[in-house]
Structures are given as C-alpha cells and as structure tokens.
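Quick notes on the structure that follows.
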Amino acid sequence: MTKERLIRTFDRQASQYEKRRIDNTQKRWRQNLLVEAKGEVLELAVGAGANFPFYASDVKVTATDFSKAMLEKAKQAASFHQVDAEFICGDIEGLNFSNQSFDTIISTLSLCCYDQPLIVLDNIKRWCKPNGTILLMEHGISTNSFISLIQKAINPLHYRIVGCHQTRNIPEMIQQSGIIIEKTESHWFNMVHLIWAKPGRIAD
Ligand SMILES: C[S@@+](CC[C@H](N)C(=O)[O-])C[C@H]1O[C@@H](n2cnc3c(N)ncnc32)[C@H](O)[C@@H]1O
C-alpha cells in the first residue's frame with residue numbers, strides 16, 4: 001500500500017482510536033509500561049494519544065505520527081491530561097533525530113505498520129541515550145498454531161482495511177535489532193508483548 005493511502009486509512013480511524021483510549025485491558029498494560037517513562041520522551045506513532053493519561057507530570061514528550069487526524073486527537077488528549085508535549089507530523093521512517101537525544105523512547109502498537117520495522121528499531125536504538133529506556137507494547141503472530149493460521153489468512157485483507165500487519169514476529173525482530181530486553185510480558189496467546197529494554201550497542 002502507498003504511504004498516502006496508509007495515511008488516509010489511519011486518518012479515517014482517528015475517532016475510533018479516540019474512543020479506544022479507555023480500553024481497560026490496554027489501560028493496565030499501558031500503565032505498567034509508562035510508569036517507567038522519564039525525562040525527554042519520544043513517542044513514535046502516537047495515534048490518538050492513548051498513552052497520555054499515564055505519563056508522569058514531569059516528562060517532556062515529543063510525539064510523532066503521519067496522520068494529521070490522529071495528531072488532532074492526540075493534541076486534545078495532551079491538553080486534557082496536561083502533558084507537556086510537542087507534535088511532529090511526519091513519516092517516522094523518514095524522520096531523523098540526533099543520536100542519543102531521548103531518555104525514553106516509546107512505541108505502542110506501531111511496529112505492525114511500518115514497511116521497514118527493523119530500520120525503525122535501529123533508529124530507536126540510536127536516538128535513545130545509552131542509559132535510556134525503550135518501552136514497547138507490540139502485537140504480532142501468536143505462538144498458538146490455530147490462531148497464527150487465522151492471522152495469516154486474514155492478514156492481507158486486514159492490512160488493506162486497517163493498515164496493520166498481524167503476522168510480524170515481534171520477539172524475533174527485537175532480538176535481530178540488538179535491543180537488550182530487561183523484562184518482557186506476553187499476553188493473548190503471545191500475540192501482545194510488553195517490553196522494557198535498553199538500547200544496547202550501536203553499530204559504528
Ligand atoms: C495501530 S495505531 C497505534 C496508535 C498508538 N500508538 C496507540 O498505542 O494507540 C498506529 C499509528 O501509527 C501511525 N503510523 C503508521 N505508520 C506510520 C509511519 N510510517 N510514520 C508515522 N506514523 C505512522 C498511524 O497513523 C497510527 O496513528
């Protein structure tokens with residue numbers, strides 16, 4: 001799918017994402033993850049701002065997304081929850097930040113969308129300070145063979161309608177990226193992964 005079409009796909013879903021901010025299961029997961037967010041925070045693909053209720057009052061968030069409609073909802077969430085946030089509208093696969101410039105980098109439910117998720121993970125490593133924290137909540141292919149079969153079957157149509165892949169192997173991708181996992185939790189037949197990590201070594 002072209003980037004323009006993908007952006008339109010997410011623009012159309014902005015109101016649904018706004019309503020889903022109060023999903024109770026995700027609330028618990030997001031809360032557990034985001035309690036670790038500190039200092040200068042970069043949030044990739046912020047969507048409608050589902051993480052904003054959980055930020056501590058002293059963090060400074062740089063929030064990115066390529067959907068203007070999502071960013072509008074995220075700005076409202078930031079204002080409602082009094083989060084100190086700056087917004088950048090752009091494709092994260094094309095954006096650049098200075099090396100080692102963020103204390104915390106957050107991605108929730110975004111690795112499913114990118115053309116080149118491994119390059120994004122590599123950038124996350126570079127942009128994170130060496131002692132910084134990477135916090136991820138990502139979904140992908142289940143380890144349950146029946147569920148994974150269904151995921152593979154519906155993936156092409158699901159991607160065209162919703163813009164997100166169901167079949168990415170998240171633990172394998174994180175391992176390939178060299179990001180160092182400190183703690184991980186998996187849910188829903190290992191489809192959803194919560195990851196607390198450090199950037200690890202950056203290639204020269
Ligand atoms: C599944 S939603 C998740 C939103 C939010 N992170 C959350 O946890 O609810 C994916 C988001 O990624 C954004 N997105 C997808 N690909 C992107 C890209 N290449 N650059 C920037 N944003 C992107 C979409 O616009 C959408 O807001």
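The values are calculated or read from the model by the stated rules, or taken from the named source; none is laboratory data. Note that this is a predicted model, so its numbers are computed, not measured. Using ideal geometry, Cβ is built from the backbone for each residue, glycine included, and neighbour counts are taken over all protein chains shown.
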Test for Lys125: is it away from the ligand (no atom under 13 Å from the Cβ), within 18 Å of Pro199 (Cβ to Cβ) and surrounded by 18 or more Cβ atoms within 10 Å (Cβ to Cβ): yes
Top-ranked residue of region 27-51 - restricted to ones that are near the ligand (Cβ under 10 Å from one of its atoms) and free of Cβ contacts under 8 Å to residues at least 60 places away in the same chain, ranked as nearest to Ala69 (Cα to Cα): Ala48
Find the residue count for region 82-112, including only residues that are in a strand (DSSP E or B), within 20 Å of Trp196 (Cα to Cα) and more than 15 Å from the ligand (Cβ to nearest atom). 2
Counting only residues in region 53-76 that are more than 10 Å from the ligand (Cβ to nearest atom) and over 19 Å from Gly132 (Cα atoms), the one surrounded by the most Cβ atoms within 10 Å (Cβ to Cβ) is identified as Lys75
Keeping to region 22-36, report how many residues are of a type in the set (A, V, I, L, M), closer than 10 Å to Asn51 by Cβ and over 13 Å from the mean Cα position of the chain (by Cα). 0
Among the numbered conditions (1) under 20 Å from Gln175 (Cβ atoms); (2) among the hydrophobic types (A, V, I, L, M, F, W, C); (3) buried (at least 21 other Cβ atoms within 10 Å of the Cβ), tell me where Ile119 comes up short. (3)
Could you list, in sequence order, all residues of region 88-114 that are over 17 Å from Leu135 (Cβ atoms), hydrophobic (A, V, I, L, M, F, W, C) and buried (at least 18 other Cβ atoms within 10 Å of the Cβ)? Cys113
Residue count, region 6-26 (criterion: assigned to a helix (DSSP H, G or I) and over 17 Å from Asp65 (Cα atoms)): 6
Name the one entry in His187, His139, His165 that is more than 20 Å from Tyr114 (Cα to Cα), within 16 Å of the ligand (Cβ to nearest atom) and touching a residue at least 12 places away in the same chain (Cβ under 8 Å). His187
Subset tally (residues that are crowded, with 17+ Cβ neighbours inside 10 Å and either basic (Lys, Arg) or in a helix (DSSP H, G or I) (or both)) for region 155-204: 7
Cβ-Cβ distance below 6 Å, separation of 6 or more or different chains: which pairs start in region 80-101 with a residue that is modelled with pLDDT of 95 or more and end on one that is more than 9 Å from the ligand (Cβ to nearest atom) and part of a strand (DSSP E or B)? Val83/Val61; Asp84/Lys60; Ala85/Val61; Ala85/Ala63; Glu86/Thr62; Phe87/Ala63; Gln100/Lys129
